[in-house]
1. Which members of region 23-37 meet the condition of being over 18 Å from Arg289 (Cα atoms) and either among the aliphatic types (A, V, I, L, M) or open to solvent by less than 70 Å² (accessible area, probe 1.4 Å) (or both)?
2. Could we say that Gly20 is open to solvent by less than 40 Å² (accessible area, probe 1.4 Å), touching a residue at least 40 places away in the same chain (Cβ under 8 Å), part of a loop (DSSP other than H, G, I, E, B) and within 22 Å of Val96 (Cα to Cα) here?
3. Hey, any hits in region 216-226 for a residue that's open to solvent by 80 Å² or more (accessible area, probe 1.4 Å), touching a strand residue (DSSP E or B) at 6+ places or on another chain (Cβ under 7 Å), modelled with pLDDT of 95 or more and within 20 Å of Ala114 (Cβ to Cβ)?
4. Can you tell me how many residues in region 91-117 are touching a residue at least 60 places away in the same chain (Cβ under 8 Å) and over 21 Å from Leu2 (Cα atoms)?
5. Any idea how many residues of region 126-158 are over 19 Å from the mean Cα position of the chain (by Cα), surrounded by 13 or more Cβ atoms within 10 Å (Cβ to Cβ) and either within 16 Å of Ala60 (Cα to Cα) or basic (Lys, Arg) (or both)?
Amino acid sequence: MLGLELEDARAIAVRIDDRGGVEARTVVAADGDLASAAERAAAGVMAAGRDARELGVVAAAPDAPAIAAVIAALAPRFGGTFAQHGVMPSGTAAAVAEAWIGAARGMHDVVFFACADHTIGGLVRAGAPVTGVRGHAGAVAWLALNPVEREDYRKVGCLEAEVAAAGIVRRLVWRIKAGDRSRVLDAVNGDYAAITVQHVLDAARQRDGVSISVIRDTAKYLGMAAANLVVVADPEMLVLGGIMASASDLLLDALRAEIARRLPKPTFDALKIETATLGDEAAAIGAARLVSAALR
């Protein structure tokens, strides 16, 4: 089973066995040509001597203009529903993977929520993915958590503008330019454009006050979003991925507190909350699982 996730700057492909074990993995940087990177990544995980060319394809932003070029490049070489119906959302695929072999193994009703370069989400109900009429179920980037209207909210969604990597960096830069001092600026020799979300996380671990404040604000937004997802879906388990998993030492306790504050006590007490276990392979694994299910 072959799965491919399309990110902004790279393509991640995996070949998995029937139990979800990763037999091969290829990561190819886009370098301005995502279609070529996708072709090379998918070809890189094909098993020698095998005819199987069915490929599951997912992306954080399935409707992005760059995705059409990828589909056109892949369709002549690979089969799969992507050619007729487009690519699936990464959040849906990651939810499927985590419910199959990851943190939510054995659970039938799962919400997956992750934050990294993008904010993504996915729902599994009664063991099957929930995609919605237009395939946009789980598009958590567009959760509206601030009554203020802003141009970036209209472009990428309120939640994504605030808590995806670029949003976290932007809020730190605002604070520094407003007069707060942070060791992050020293780490990048005063080059604001060089600041990444990892700089903010590392500085927070080193007790940088501004970075800690930004991370606390981020946890509030993420906790509000997670609580909203739980209220709507009423899952057995909430699986948190991206920086909520990789930086759980900074975020998880604050997230739990925020979720508990915003949910009815019986709902929170019954909810299982876990961090994702499949890392950056989750969406590609889920893509392979989904295309395999479509063939049955």
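The values are calculated or read from the model by the stated rules, or taken from the named source; none is laboratory data. The structure presented is a predicted model; accordingly, all values stated were derived computationally and were not measured. Cβ: placed from backbone, ideal geometry, glycine included. Neighbour counts: every protein chain shown. The area values use the complete protein model at the heavy-atom level, side chains included, leaving out ligands, DNA and RNA. Shrake-Rupley method; radii C 1.70, N 1.55, O 1.52, S 1.80 Å.
1. Here is the first cut: in region 23-37, the residues over 18 Å from Arg289 (Cα atoms) are 27-37.
Those that are over 18 Å from Arg289 (Cα atoms) and either among the aliphatic types (A, V, I, L, M) or open to solvent by less than 70 Å² (accessible area, probe 1.4 Å) (or both): Val27, Val28, Ala29, Ala30, Leu34, Ala35, Ser36, Ala37.
2. Numbers: open to solvent by less than 40 Å² (accessible area, probe 1.4 Å): yes; touching a residue at least 40 places away in the same chain (Cβ under 8 Å): yes; part of a loop (DSSP other than H, G, I, E, B): yes; within 22 Å of Val96 (Cα to Cα): yes.
Yes; evaluated as a whole, the condition is true for this residue.
3. Of the residues in region 216-226, the ones open to solvent by 80 Å² or more (accessible area, probe 1.4 Å) are 216, 220.
Filter once more, so that each one left must be touching a strand residue (DSSP E or B) at 6+ places or on another chain (Cβ under 7 Å): none.
No; the residues of region 216-226 include none that is open to solvent by 80 Å² or more (accessible area, probe 1.4 Å), touching a strand residue (DSSP E or B) at 6+ places or on another chain (Cβ under 7 Å), modelled with pLDDT of 95 or more and within 20 Å of Ala114 (Cβ to Cβ).
4. Of the residues in that region, 13 qualify.
5. The total comes to 0.
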